[in-house]
Amino acid sequence: MSAIPDKNAGEIHIRGGVRLQGKVKIQGSKNAALPILAATILTEGENCLKDCPKISDVYRMLRLLQSLGGHVRWEGDGVCVSTGSITTRDMPADAITGMRSSLCLLGALLARCGSIVMEYPGGCVIGERPIDLHLQALKQMGVRFHEEDGRICGQAPEGLSGADISLALPSVGATENIVLAAVTAKGRTRVRGAAREPEVEALCRYLNACGARIDGVGSSELEIQGVERLHGVSYRIPTDRIVAGTYLYAALGTRGCVLLEQAPCGHMQAVIRMAERMGALCQETGEGLYVQSLGELLSPALIRTGVYPGFPTDMQSVALAVATMAAGETRIEERIFENRFRVAEPLRRMGADIRQTDSGSLWVKGGCRLHGERVEACELRGGAALVVAGLMAEGETQITGCEFIERGYENICKDLRELGARIYSV
Ligand code: UD1
């Protein structure tokens, strides 16, 4: 079997109205796995990444690593990657333009090869998603950029050098790119205003295990002393806080009672607190996160997204879906990506009363009864929100555009069926 299967998403059909019950194991984190896979480019020897999620974005990244000359093989739930000899010639353009995380290759390949030519990365259509902070920081480290035929060309003929970098915004991707560029650069790099998301922390921990010298891991000030070389390691990818959050809200929305095995509770505090305000009893146990609906679904009044440890933008659409049925009005304020309300339209077709008050806020009436519809997923988290809405709705929901959902969820239908849902991929 090929190390990288082709997945072919069909539709998801859901017969709603079942209270979720039981337990499900949470998969490895997409947003941690992708930059760590890019980071393997910097190491000598083999890396075994346990609990690597089998999702289409990971397959895309593995395809990119293979095209660069890397070797990839799956061993159970882990993937082993070695990137002995690297050439930047033949990166498949569609794998780069197909996902935002291909941007991590910028820092990693500049560090490893001193030059890069690549397409502008793609990803979910959730807003402008500029890359100015990435480019600015890498320029400070000695990279010269120009554009050729719509592609980014970067060169660091003298190699990369450490720099003092202050990020105007705590961008997750820009922080990751700086870290990737800095770990083998000459001298010391200081990053002020770094993103503190758990996935940045996971990347730093992985790199330190490979021999990097990163101080301040998990804080907004990183200090990175460049080292000559990094070695491969065996590393467990942390579990996915957004997938766990999705199932937590699905349990809450269906008035269920579930155990989310290995949910990363410590990194889910804002999501857990919001679920409690909406009527969930949440208990952190040695096994994971236990969630029980206390009966009535209540509006949390305000859901405002923010950088970590705030309420994650990736959970906003799923929380919106639940808020449509909660008693009372909810205001949703999106502070990270300006175009993350596309799911409001299909939710309206399912019976939700949602109004956009300005470009960054929604008003949700609440207390509605959702009904099944044929709806289209337009992006990853909006697609997951439609799944949650379908679980709560009366009748059958049919979701198309499921390739977006497969970018981040290993097998959402199987996971939810384990909790008793009537949900099928057809
Ligand atoms: C990552 C996550 C994504 C999550 C987001 C915020 C991955 C693969 N994706 O995306 O799931 O929703 O963090 O937690 O890990 N910005 C600029 N200039 C830049 C870079 C970013 O203005 O050069 C802006 C963006 O437009 C956005 C904000 O900064 O408004 C945050 O973006 P960023 O933290 O970079 O998100 P991503 O790394 O793209």
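The values are calculated or read from the model by the stated rules, or taken from the named source; none is laboratory data. Note that the structure is a prediction, hence the values are computed from the model and not measured. Because the Cβ atoms are built from the backbone with ideal geometry, glycine has one as well, and the counts that use them run over all protein chains shown.
Things worth noting here:
- Taken across the range 278-286, residues that are in contact with a Cys (Cβ under 8 Å, 6 or more places away or on another chain) and at pLDDT 95 or above do occur, with at least one present.
- Matching residues, the range 355-401, being away from the ligand (no atom under 16 Å from the Cβ), in contact with a helix residue (DSSP H, G or I) (Cβ under 7 Å, 6 or more places away or on another chain), of a type outside the set (Gly, Ala, Ser) and part of a loop (DSSP other than H, G, I, E, B): 370, 373
- Enumeration of residues in the range 323-337 that are in a loop (DSSP other than H, G, I, E, B), within 16 Å of the ligand (Cβ to nearest atom) and either free of Cβ contacts under 8 Å to residues at least 40 places away in the same chain or of a type in the set (D, E, K, R) (or both): 334, 335, 336
- Taking the numbered list (1) surrounded by fewer than 22 Cβ atoms within 10 Å (Cβ to Cβ); (2) at pLDDT below 95; (3) within 16 Å of the ligand (Cβ to nearest atom) in turn, residue 340 passes all entries but (1).
- Scanning the range 169-179 for residues that are crowded, with 18+ Cβ neighbours inside 10 Å and within 12 Å of the ligand (Cβ to nearest atom) turns up 170, 171, 172, 173, 174, 175, 176, 177, 178.
- Subset of the range 128-168 [surrounded by fewer than 14 Cβ atoms within 10 Å (Cβ to Cβ), within 16 Å of the ligand (Cβ to nearest atom) and either under 21 Å from residue 99 (Cβ atoms) or acidic (Asp, Glu) (or both)]: 128, 130, 132, 147
- Within this structure, residue 89 fails the test of being of a type in the set (Lys, Arg), at pLDDT 80 or above and more than 15 Å from the ligand (Cβ to nearest atom).
- Some residue of the range 314-322 being touching a helix residue (DSSP H, G or I) at 6+ places or on another chain (Cβ under 7 Å) and either outside any helix (DSSP H, G or I) or without any contact (Cβ under 8 Å) to a residue 12 or more places away in the chain (or both): no
- Applying the criterion of being among the acidic types (Asp, Glu) and without any contact (Cβ under 8 Å) to a residue 60 or more places away in the chain to the residues of the range 353-388, the residue that is surrounded by the fewest Cβ atoms within 10 Å (Cβ to Cβ) is 358.
- Strands (runs of 3 or more DSSP E) wholly inside the range 6-69 that include at least 1 residues being small (Gly, Ala, Ser), touching a residue at least 60 places away in the same chain (Cβ under 8 Å) and surrounded by fewer than 24 Cβ atoms within 10 Å (Cβ to Cβ): 21-25
- Residue within the range 80-95 that is of a type in the set (D, E, K, R) and surrounded by 16 or more Cβ atoms within 10 Å (Cβ to Cβ) present: no
- Taking the criterion of being surrounded by fewer than 18 Cβ atoms within 10 Å (Cβ to Cβ) and of a type outside the set (Ser, Thr, Tyr), the residues of the range 389-408 that qualify are 394, 395, 396, 398, 403.
- Strands (runs of 3 or more DSSP E) contained in the range 179-272 and holding at least 1 residues more than 18 Å from the chain's Cα centre (by Cα) and either in contact (Cβ under 8 Å) with a residue 40 or more places away in the chain or on the phi > 0 side of the Ramachandran plot (or both): 188-192, 221-225, 234-236, 257-261
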